[in-house]
């Protein structure tokens, strides 16, 4: 299975590539070759760091190519900032629009006595029927490191509590996003990535 | 609920895990990749690999070690020792580390923190601080001093103030080692850890002094630590991170279980 991994020069891709290989996929990296997006069997958009870095997706034409790939049904997984980019935008970089696939916007954790960023292993509450989380038991832990988060909406696939309840994952059809790092989340993370790699459109034959 | 992290630390010299007291009488304790995988399997929430050689000649060996260790490791992986420039950090990230820990190089040139953070994100930068209480000061804890060179030389900075500066410059976490407690097995320096944790908005990892399970519970509650480094405790009755966490859970500490 060839997986196109999008490089927009925000953080390092090594962990994601290594984990995809471990699961038997063949990752190919692009920082602007749109043909790799058009022909992709799967697309993964990793991302750590600042939402403003997603500007590079617009500048390279990757945004349009990803939008077209999603529209024709290519399974897509956004990780961390890659999930946040699926929304309309983030208060982290108000001038930089996201893809807008999901209408809501991402915001910073509210001021409280708790630390921001939210760093560490926290538990998931998974929505029934999620395909990304098939086989994940209630209360399994995954690794987070982030200061901004998406709100809980009808498309939320899993929630986590920290300061408030936020969307740990989003899923609608072929478009999925996780706020945590499945590549750093032990056996639970590997199971979630395997589910993404095994994802097929309902009714599609093998 | 966000859990308290138990971090396994491997000291590495010339590509091998070593054990020793204050970096002397080093005993070979195995292959880093094998040891890291074992700790992850046995419930460690994160792995830290500290290169105590940190010589120029040793860099290639370290990168090979990091690459081999990262290959089958699916929990957060932090590497420290000898990272003096953004390029050093980049090589360690390319080899598979998720975070780098920087210490004396950040003190010598604080811009290093933002240089690494701006390319790889704040979550990838851990600033390690070796601290000693200042017995002469009016407030020995709040005026604790930063030390370098394995705790032998004062850096001329106060711990709390340096931790704040590191946060402002873009550090994602602070790894605080109490040189007073290190090796004593008499418990973490909870007062010092709390003073730093209260002064910064980023998570603080406590290190130095662990001898019993109760010491961990104490540094998480009284010390306000978010994570703790477990090193020598594994040689004194508690065999794995999992058994440590099971005992902590029984004491009411939120930990990642099952793991």
Filter the range B:89-109 for residues that are assigned to a helix (DSSP H, G or I) and within 14 Å of chain A (Cβ to nearest Cβ); which is nearest to residue B:174 (Cα to Cα)?
-> B:89
Residue ID - nearest to the other protein chains (Cβ to nearest Cβ), chosen from residues in the range A:33-54 that are at pLDDT below 95 and over 15 Å from residue A:181 (Cα atoms) | A:50
Residue B:30, sole failed condition from (1) over 19 Å from the mean Cα position of the chain (by Cα); (2) outside any loop (DSSP other than H, G, I, E, B); (3) away from chain A (no Cβ under 14 Å) | (2)
Of (1) modelled with pLDDT under 95; (2) closer than 26 Å to residue A:185 by Cα; (3) surrounded by 19 or more Cβ atoms within 10 Å (Cβ to Cβ), residue B:38 satisfies every one except (3)
Just checking, which of A:82, A:120, A:73, A:139 is within 14 Å of another protein chain (Cβ to nearest Cβ), closer than 27 Å to residue A:34 by Cα and out of contact with any helix residue (DSSP H, G or I) (no Cβ under 8 Å at 6 or more places or on another chain)?
-> A:82
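Considering only the range A:19-94, give the helices (runs of 4 or more DSSP H) lying wholly within it that have at least 1 residues that are free of Cβ contacts under 8 Å to residues at least 12 places away in the same chain.
Ranges flagged: A:34-38, A:55-59, A:62-71.
The values are calculated or read from the model by the stated rules, or taken from the named source; none is laboratory data. A quick note: this is a predicted structure, and the numbers were derived from the prediction, not measured. For neighbour counting, all protein chains shown are included, and Cβ atoms are generated from backbone atoms with ideal geometry for every residue, glycine included.
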